[in-house]
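Okay, so here's the structure we're looking at.
Where a number appears in this text, it was derived from the coordinates with a stated rule and is not lab data. Here the structure is a predicted model, which is why all the values come from computation and not from measurement. Counting neighbours? That spans all protein chains shown, and the Cβs are built from the backbone with ideal geometry, glycine included.
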Amino acid sequence: MVSRTTDDYRAMVVAGCAAVCEPAFWAGFDRSSAAGFYDYFGQLTEHEPRRAAKFGLPHFCWLCINPKEAEDVQLAQEVIALIPQFLSRPNVLGIGEIGLNKNSRNELKVLELQVDLAARQDQLVLVHTPHLEDKLKGTRLILDVLRADGRIPPGRCLIDHVEEHTVKLVLDRGFWGGMTLYPESKCTAARAVDMIEQYGGERLWMNSACDWGVSVPLAVPYAAQELRRRGHDAGMIDRLIYGNPKRFLSQCAKFRLPEAAS
Ligand SMILES: [Zn+2]
């Protein structure tokens, strides 16, 4: 949301969105120092929730150094050292989106450091899986890191950007899977609904790519239309696009929705 307009907030509220949850993310360019991340974490935990509140939308976030900036291990260590002071802020749900981008050795090292941070601080985990051709390999590596650490139950981890060739692996190992909807590339609403119909909706949810690039903040309500078009009933749609995220996120005591929305 840090790169979206107030019109986007208004559109989400009008479409019935009950809350927004924003991962710490790549800004589209690499930040040159830990100080840049310090300011970003302040933006995510102070400024952005205030901006969202003007439109009546609760704003939650995740904190980390994202995999695209994790190649510089020393910078990553400096950023990771900054995170604990922000974790008690009221809108912080956990550590994310951590994970892998190019599946490099340095990215793996930084992933392990952030899994350790999440475990020590008893945080939920949001995981980015690579968008490149190595998504399956990257997903396997990430799940192996989480399992090797062993301190975080799979049910407290959301493995995001799953696709047809990774969703079963994620669900079989007890994790939650996130399907990230993009307007033209990657996962479309139709593909997401195909996966739901194939694997069920027990530990799956949909989220929108919503950033500085071509992306659609209303992708989840649009996917609800696709579910309706295919004949899914209102209870199933509500469970999938509202109940499931609420069930996963409520594992963090700070995740509360206004009475009217709950
Ligand atoms: Zn991601």
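Below is a table of values for the structure above.
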| read-out | value |
| --- | --- |
| Calculated on alpha-carbon atoms, Rg and Dmax of segment 1-41 in Å | 13.3, 38 |
| Net charge contributed by nearby residues that have their C-beta within less than 15 Å of Arg51 (K/R +1, D/E -1) | -1 |
| Assigned charges on the beta-carbon of Lys, Arg, Asp, Glu; the chain dipole about Cα centre (debye) | 580 |
| Positive-end residue of Gln225, Gly174, Ala190, charge dipole of segment 123-239 with Cβ unit charges | Gly174 |
| Helical segments meeting 20 Å axial Cα length and Kyte-Doolittle 0.0 threshold in the chain (DSSP H) | 135-149 |
| The chain, Cα convex hull volume normalised per residue, Å³ | 116 |
| Per-pair calculated FRET efficiency, R0 = 45 Å: Ser104 and Arg256 via Cβ, rounded to 0.05 | 0.70 |
| Globularity index of segment 204-262, i.e. its alpha-carbon radius of gyration over 2.2 N^0.38 Å | 1.26 |
| Summed side-chain charge close to Gln251 - residues other than Gln251 whose Cβ falls under 12 Å, Lys, Arg +1, Asp, Glu -1 | +3 |
| Per-selection Rg to Rh, segment 1-133 - Cα, Kirkwood hydrodynamic radius | 0.98 |
| Estimated translational D of segment 118-204 in µm²/s (Stokes, Kirkwood radius over Cα pairs; 20 °C; 1.002 mPa s) | 162 |
| Net charge contributed by nearby residues that have their C-beta within less than 10 Å of Thr6 (K/R +1, D/E -1) | +2 |
| Candidate lysines - alpha carbon under 28 Å from Lys186, same-chain residues fewer than 8 apart omitted | Lys68, Lys102, Lys109, Lys135, Lys137, Lys168, Lys246 |
| Segment 149-262: Rg to Rh, with Rh as the Kirkwood radius over Cα pairs | 0.96 |
| MRE, 222 nm, helices only [DSSP H, n ≥ 4, -39500 (n - 2.57), over the chain, to nearest 500] | -11500 deg cm²/dmol |
| Cβ-Cβ FRET estimate between Arg191 and Glu133, R0 fixed at 22 Å, reported to 0.05 | 0.80 |
